[in-house]
1. Can you compute the helix-only [θ] at 222 nm over the chain? Use -39500 (n - 2.57) per DSSP H run of at least 4 residues, normalise by all residues, nearest 500 deg cm²/dmol.
2. Given the whole protein assembly as supplied and a 1.4 Å probe, what does the accessible area of Thr28 come to in Å², nearest 10?
3. Largest first, how would Ser123, Ser109 line up by accessible area (1.4 Å probe)?
4. Keeping all protein chains in position, work out how much accessible area Glu22 exposes to a 1.4 Å probe, and write it in Å² to the nearest 10.
5. Among Val152, Ser102, Leu173, whose Cα lies farthest out toward the positive end of the dipole of segment 87-193, if unit charges sit on the beta carbon of Lys, Arg (+1) and Asp, Glu (-1)?
6. For the chain, modelled as a GNM with alpha-carbon contacts under 10 angstrom, which of Lys36, Lys52, Lys137 fluctuates the most?
7. From largest accessible area down, sort Arg169, Arg40; use a 1.4 Å probe on the protein chains.
8. Taking only the alpha-carbon positions of segment 87-193 and ignoring solvent, what does the Debye formula give for the base-10 log of I(q)/I(0) at q = 0.09, 0.10, 0.20, 0.22 Å⁻¹?
Amino acid sequence: MKLTLYYAPIACSLVPLITLHEAGAQFTVEPVSLKKGQQRTPEYLHLNPKGKVPILEADGELITENVAILTFLANMFPAARLLPDEPQLAIKALSLMGWCASGLHPALSRINTPSKICELSGSEESIRRLAREDLVKGFGIVDAMLDGRDWVFGAWTAVDAYLFWVWRRFGQLSPSVPSFPNYAAHAARMAKRASVQKAFAFEQEVLAREA
Ligand SMILES: N[C@@H](CCC(=O)N[C@@H](CS)C(=O)NCC(=O)O)C(=O)O
């Protein structure tokens, strides 16, 4: 199967990039420069009318949305056990991925681009503060979930990659992150994985090319 990931550095397309490496998949990456607005070009909008990364192209089929892409990869690479097999845990994984996509990620976007939430001048600080409060609440939930375990489901899954990106992005967007020792330790463990190191090295290459 021919797999191509449409990917932008720093963005949430890091999640499928790490997961593709974890799967041991053969794939190519098509870098998309969000900085230069490539996601809004007619060529890109033809692929994804939502104008977002990631897209995973699988034998010509275009899959958008992280939750769908990660689920697809888990189905395509069963030996890599990218998501839990056991039905109850599989649903819990879906629930957590949904939360990352529709709860935590949008709060990060509110911090990143408050102007997309409210046009009133002077509103930015309040938007950012409220989003930060939401994230801190969410991080408390993740921190409790990781108490006494290395990975959310015991063994590594794509949910860990998603939570890692959320952690990293909050650190990039927020001057100071309150102490969440379990979540911080999880991020440190993630950073040691070969998949993450490969993804970070690639990110540096793309950023250097974009500069
Ligand atoms: N719900 C989507 C969110 C995708 C998304 O928001 N991607 C951001 C990067 S993190 C993007 O492409 N932003 C470009 C833009 O809004 O112009 C998913 O989970 O795949």
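1. On the way: 9 runs with 115 residues, N = 211.
Taken over the chain, the calculation gives -17000 deg cm²/dmol.
2. We get 70 Å² for Thr28.
3. Numbers: Ser123 20, Ser109 45 Å².
Result of the area sort, largest leading: Ser109, Ser123.
4. Surface open to solvent at Glu22 totals about 50 Å².
5. So the residue furthest toward the plus end is Val152.
6. Result for the chain, Cα springs under 10 Å: Lys36 fluctuates most.
7. Numbers: Arg169 40, Arg40 160 Å².
So the residues, ranked largest to smallest area, are Arg40, Arg169.
8. The calculated log intensity ratios at q = 0.09, 0.10, 0.20, 0.22 Å⁻¹ are -0.24, -0.30, -1.02, -1.18.
The values are calculated or read from the model by the stated rules, or taken from the named source; none is laboratory data. Since we're looking at a predicted model, the values are computed, not measured. Virtual Cβ from ideal backbone geometry, glycine too; neighbours counted across all protein chains shown. Ligands, DNA and RNA are excluded from the accessible area calculation, which covers all protein heavy atoms including side chains. Shrake-Rupley method; radii C 1.70, N 1.55, O 1.52, S 1.80 Å.
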